[in-house]
Amino acid sequence: MTLRKIVLRDSVSITLIVVVLLISGVLKANDAYAKSGNAPLVSGGFSNIAEMAGPSVINIRTERTIKGGGQVFRYFFRGPNGKNDSMEDLFNRFYGNPQQREYKQQSLGSGFIIDKKGYIVTNNHVIEKADKISVIMKNGKNLDAKIVGRDPTTDLALIKIDAKIDLPVLKFGNSQRLQVGEWVVAIGNPFGLDHTVTAGVVSAKGRVIGSGPYDNFIQTDASINPGNSGGPLLNMAGEVVGINTAIMANGQGIGFAIPVNLAKGIVEQLKNSGEVTRGWIGVMIQDMDEELAEYYEARDVKGALVADVISGDPADVAGIKAKDIIIKVDGQPLKNSRDLTRLIAALPVGETVEITVLRNGKPKNFKVKIAKREIIKSDSENFKTKSSDQLGLRVSELTLEIARRFNMPQTEGIVVTGIMPQSKGAEAGFRIGDIIKEINNKSVKTT
């Protein structure tokens, strides 16, 4: 009996110790979270976040007209004996030319309200080429929306509805303060299942997935599926820290969101002018990897190697030259070429910045006036290519048409237009669109 009492007392003591330790751990976690600069945790966890943020998340339905009917249309409306069937003319008399038929294509997406007057953030790919955009609120109300502005480069768009009442809005947080392992919540309309709430953690930051020059995604294991695009990724304070935008095709539970710190300035520009203006200094750059660092005798140097300077553009006027290594912008160190691209793009046109480079191992500072980045687009595919069997590369001389095709300024050199899998070129890290300027310090201008 005495032994049992002792055991009981010890059990109670152990239980109390465990409870105290758990409470202490939670308090320390909350204290660490607060010290990190993030807002306090929402009381009630995921359910309160869902209840608070839900009314600001909307379902987007788009409709666009497709001409030609596509492969499915052609399959069902061609002659019974297939391609080049002599009876196809007879079919066309009754059904018309299937390639000229039109049909309505519908798609789904998500978005969230950022202004009580009806401004909504979503992905560009959700509303691109849409003839009609409908927004469905959580209360079931259906409203037409119009496009305010789009930025295909970052896959962001701003649309607006006229609700005639003040709408519930979501607040932007600070994605820079996000920590790997931190809890996040995604709300959206996957597969048309409106206001689906999923939770997970930040798996990684700064992910590059090959979608564009400003890749800097938040990776999360919070479930994101088709239809989630444009919806918010929220921290535990209920603030938007990302815009859900992509999933890995063959990945399970791997999703990506645009950091809200990148989106803030873009959304503001779209709201004010309907378009995005980006800074430009006129350099062609690449990362400083180990091989380049060794080649240029710049070991342990991080930054962006200047492969070429566009004549007459700001960097050229300031005195920056090819083979300079840009290591800082206004005193901010660079890790790679993407850092430089993002920093310059975010600067206002006309502003002067100090750029620090390493030239022959010595730092030099240059004052560079930011110009506007012009994007030239062309559908032209008419260019001649040559191949190098030894390297497994297909290359072409960099003409004006090629420059337009790859959205780059015209310069001297040859451009990589194709790479054979498992070739020496592929193993070395060549990518389509790379420009070859030199081989062993010798200038290359023609194929």
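Would you please give the FRET efficiency between residue 205 and residue 289, computed as 1/(1 + (r/R0)^6) with r the Cβ-Cβ distance and R0 = 25 Å, to the nearest 0.05? It comes out at approximately 0.75.
Extension gain, residue 359-residue 64: 0.36 nm per intervening residue step, less the Cα-Cα distance, totals 100.9 nm. Based on C-alpha pairs under 8 angstrom that are at least 6 apart in sequence, region 148-232 has a relative contact order of 26 percent.
Among the listed pairs 302/372; 132/264; 271/328; 264/369; 424/445, a Cα-Cα separation exceeding 28 Å is found for 271/328. With 0.36 nm allotted per residue and the present C-alpha distance subtracted, the residue 300-residue 164 stretch has 43.1 nm of extension available. Near the amide H of residue 395, within less than 5 Å, lie the amide hydrogens of 386, 387, 388, 417, all on another chain or at least 5 residues away, with H placed in the peptide plane.
Between residue 275 and residue 424, the FRET efficiency estimated from the beta carbon spacing at R0 = 35 angstrom works out to 0.25.
Taken along the Cα-to-beta-carbon direction at a fixed 7 Å, the label points for residue 349 and residue 105 span 3.2 nm.
The heavy atoms of residue 391 offer some 80 square angstrom of accessible surface to a 1.4 angstrom probe. The chymotrypsin sites (Phe, Trp or Tyr not before Pro) of region 110-174 include none that meets both conditions, a loop assignment by DSSP and at most 16 other Cβ atoms within 10 Å of the site Cβ. Database remark: amide H of residue 242 closer than 5 angstrom to the amide H of 233, 260 (H placed geometrically; neighbours at sequence offset of 5 or more, or on other chains; Pro and chain starts carry no H).
Between residue 264 and residue 250, the contour length at 0.36 nm per residue exceeds the alpha carbon distance by 2.0 nm.
The label point for residue 443 and the one for residue 237, both projected 7 Å from the Cα toward the Cβ, are 5.4 nm apart.
The values are calculated or read from the model by the stated rules, or taken from the named source; none is laboratory data. The structure displayed is predicted, hence computed values, not measured ones. Positions of Cβ are generated from backbone atoms using ideal geometry, with glycine treated the same way; all protein chains shown enter the neighbour counts. The protein model used for the area step is the full one, side chains on, heavy atoms only, and it has no ligands, DNA or RNA in it. Shrake-Rupley method; radii C 1.70, N 1.55, O 1.52, S 1.80 Å.
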